[in-house]
Amino acid sequence: MKSFALIRADDPDKVKIALHDLETYGHMQFSENPKNIGTKYADQILTSVMSVTLKAECCAASLVRLETPPGAAISNLKKIHPPAHIIIISPRHDNIYEELATNYDNFPDFDRKFTNVPKERKAE
C-alpha cells in the first residue's frame, strides 16, 4: 500500500534536510521524485488530515510518494527528528489521498539541491 509524506517547514532548506532524513535515517523509499506544493495547500492538507487548527503557516512544502507502507513510515518517523513537520497520508485518508494521487504528476519537481550562499561574518 502506497502513501504520501507531506513535509512542511519554515524554509526550503529544512524541507531538503527532512527529505534526506526520511531516506537516510527513516529508511523510507521514495516511489518518485518529491514534488513542490503550495504552502497554503499544504496547510489545508494538514488541518484536514489531523483535524486540528493551524498554529503556524509554513513557508515551504513538499510532497513525496512513498513505497514504504504507511504503518512502517509512521513507526520510522517516530524514531528520527527531522527539522520539519511531516505527516503520512495513507489511503485511510480517503478524499485527500485520492486528490493527491490524482494530481501528483501535475505538481512541479522539488529542487533538492542546496545553494551555497556564504553567510556574512560578524566584524571582529
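Derivation of every value follows stated rules applied to the coordinates shown; laboratory data play no part. On a predicted model such as this, the values are computed, not experimentally measured, just so you know. When we count neighbours, we look across all protein chains shown, and the Cβ atoms used for this are built from the backbone with ideal geometry, even at glycine.
Let me confirm something: among Ala73, Ala56, which residue is out of contact with any Lys or Arg (no Cβ under 6 Å at 6 or more places or on another chain), hydrophobic (A, V, I, L, M, F, W, C) and loosely packed, with under 12 Cβ neighbours inside 10 Å? Reasoning before the result, please.
On the way: Ala73 fails: loosely packed, with under 12 Cβ neighbours inside 10 Å.
Unique residue meeting the criteria: Ala56.
Among residues belonging to segment 10-49 that are without any contact (Cβ under 8 Å) to a residue 40 or more places away in the chain and outside any helix (DSSP H, G or I), point out the one that is farthest from Pro70 (Cα to Cα).
Gly38
Taking the residues in segment 1-34 that are surrounded by 22 or more Cβ atoms within 10 Å (Cβ to Cβ) and charged (D, E, K, R) as candidates, determine which candidate is nearest to Thr47 (Cα to Cα).
Result: Arg8.
I'd like to verify a number: residues in segment 50-76 that are in contact (Cβ under 8 Å) with a residue 60 or more places away in the chain and out of contact with any Leu (no Cβ under 6 Å at 6 or more places or on another chain), how many?
The qualifying residues number 7.
Buried (at least 18 other Cβ atoms within 10 Å of the Cβ), under 20 Å from Thr102 (Cα atoms) and of a type outside the set (Ser, Thr, Tyr), is that true of Ala61? So that I can check it myself, show each step before the final result.
Values: buried (at least 18 other Cβ atoms within 10 Å of the Cβ): yes; under 20 Å from Thr102 (Cα atoms): yes; of a type outside the set (Ser, Thr, Tyr): yes.
So Ala61 fits the description; yes.
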